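Scroll down for the structure; my scribbles are underneath it.
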Amino acid sequence: MVPEQDLETVLDELRRLRTRVPQLTGALAAGVDGLVVAHDTPGVDPEGLAALTAAALGVAVRVADATGNGGFRELLVRGEHGYVATYAAGRTAVLTLLTQDRVNVGRLHLEGRRSGARIGELLDAAEAAARAAAPAARPTRTTPARTRTARAPRTTATEARTATDN
């Protein structure tokens, strides 16, 4: 869970991004698991978009791996009425941007990458702080301990020969 102060900072970044790219119609920060972190998406269901983003991210990661192009960085989808761009935001989040068709794609990439990096730094730091604050839990064994069954002693080749010779 991201602290409220960090959520406000992510929301501020999304709002600043919308002022830097006027053709932006929506912005969403989500975890790679498909859960919404923060959004500014008027007219679009943020939970549905986050889930679809996670699904598209899964495919994009597999395509990047299969082609040997390294880790996921970004995904761009062009529709008849605009673009959907998804950028990596740290280790555990993504930034998805919705734009009008007349957006300058170079500017979109420049600003989207910068914002994704800022949001990623913030969320990664919040996650690290949460892990550090949580008490170290001792792992509990959920499966019973393995026991060995005794084996019968092995017979040597000479013992086997004498047994069959009789």
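The values are calculated or read from the model by the stated rules, or taken from the named source; none is laboratory data. Computed from a predicted model, the values in this text were never measured in an experiment. With ideal geometry, Cβ positions are generated from the backbone for all residues, glycine too; neighbour counts draw on all protein chains shown.
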Residue tally, condition at pLDDT below 95 and outside any helix (DSSP H, G or I), over segment 45-56:
0
Any residue at all in segment 62-72 that's aliphatic (A, V, I, L, M) and surrounded by 18 or more Cβ atoms within 10 Å (Cβ to Cβ)?
no
Do you know which residues across segment 111-135 are surrounded by 15 or more Cβ atoms within 10 Å (Cβ to Cβ), farther than 15 Å from ALA85 by Cβ and of a type in the set (A, V, I, L, M, F, W, C)?
LEU122, LEU123, ALA126
Residue count, segment 75-108, condition surrounded by 11 or more Cβ atoms within 10 Å (Cβ to Cβ), closer than 22 Å to PRO22 by Cα and in contact (Cβ under 8 Å) with a residue 40 or more places away in the chain, comes to 13
